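Just below is one structure, and these are the notes that go with it.
The values are calculated or read from the model by the stated rules, or taken from the named source; none is laboratory data. Predicted model only: the values in this text are computed from it and were never measured. Here Cβ is always computed from backbone atoms with ideal geometry, including for glycine, and neighbour counts include all displayed protein chains.
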Amino acid sequence: MSEQLDLSIRKKEAELQPFLSSMEQLRLQFVNNTTMFAAKWFEEKAREYATKKPEITISLGNEQLAKMKAQVSNLAKNADRIVRDALGHPEFWWHLTPHVNAPVAAYEHLGNDKVGNKFPEVLDKPVRRALGELGNILEQFGYGVTTGALRGSYAEFWFESIEDSGSSVRPYFPHLFEWSEEMQYTIVKYDGLYKNAIVLFEEITMLKEEKKKQEAAALWNSI
């Protein structure tokens, strides 16, 4: 019986491996998609704030405004590092740390005509953390944004509390926004593979548990 279980486990693991490999390729693709999105977004969002708050922009003057634009440009150039840092934790990606009892809808992308798109929280949060880096620049140049714990009279709180760290916070973009089409497409594909992979992984886990039970029973009977 144990040999049959071993064979079944190996067969299921062989079936699972292509899913994990494809999911890793999609992870890398999503990071690349998000990097391109963020680099463009930093530039566009900074211009949006400069335009919608003209009194602040004009009061900065040429020298300060040039300094701000240079910082935004540098932020866009570093989008790859920022996004990789934000999305690099293995717990964001099931295939890097496969486990049972994972939510079936963890990577679902839901659309709603009334409230717009709802992106998978497990990835939407780190994407917002990456975008939130722009808040540091907007705060520095007086655009009514804060990325720190000093709330005062700031109109916009571009930060979130870091769990289990007391009063520590980090930059975070708090407003509605849309992922790029490329980001959405990549995660829809990842979600499809994920839903098949978790079924296989749970079957493998059950087979391994059954093997342990048989080994325990055999040990008990041998004494």
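Scan Ala130, Ala197 and give me the residue that is under 30 Å from Leu5 (Cα atoms), of a type in the set (Gly, Ala, Ser), at pLDDT 95 or above and part of a helix (DSSP H, G or I).
Ala197
Determine whether Glu209 is part of a helix (DSSP H, G or I) and under 26 Å from Asn101 (Cβ atoms). In short, yes. Of Leu200, Leu138, Leu131, all but one fail to be within 30 Å of Tyr107 (Cβ to Cβ), out of contact with any Cys (no Cβ under 7 Å at 6 or more places or on another chain) and buried (at least 20 other Cβ atoms within 10 Å of the Cβ); the exception is Leu131. For Lys118, the criteria (1) modelled with pLDDT under 95; (2) under 18 Å from the mean Cα position of the chain (by Cα); (3) within 30 Å of Ser59 (Cα to Cα) hold in every case but one, which is (3). Quick check on Lys118: is it exposed (fewer than 14 other Cβ atoms within 10 Å of the Cβ) and either among the charged types (D, E, K, R) or on the phi > 0 side of the Ramachandran plot (or both)? The answer is yes for Lys118. Contact annotation: residue pairs with Cβ atoms under 6 Å, 6 or more positions apart or on different chains, pairing a residue in region 57-80 that is over 18 Å from Gly135 (Cβ atoms) with a partner that is at pLDDT 95 or above and assigned to a helix (DSSP H, G or I), are Asp80/Thr35.
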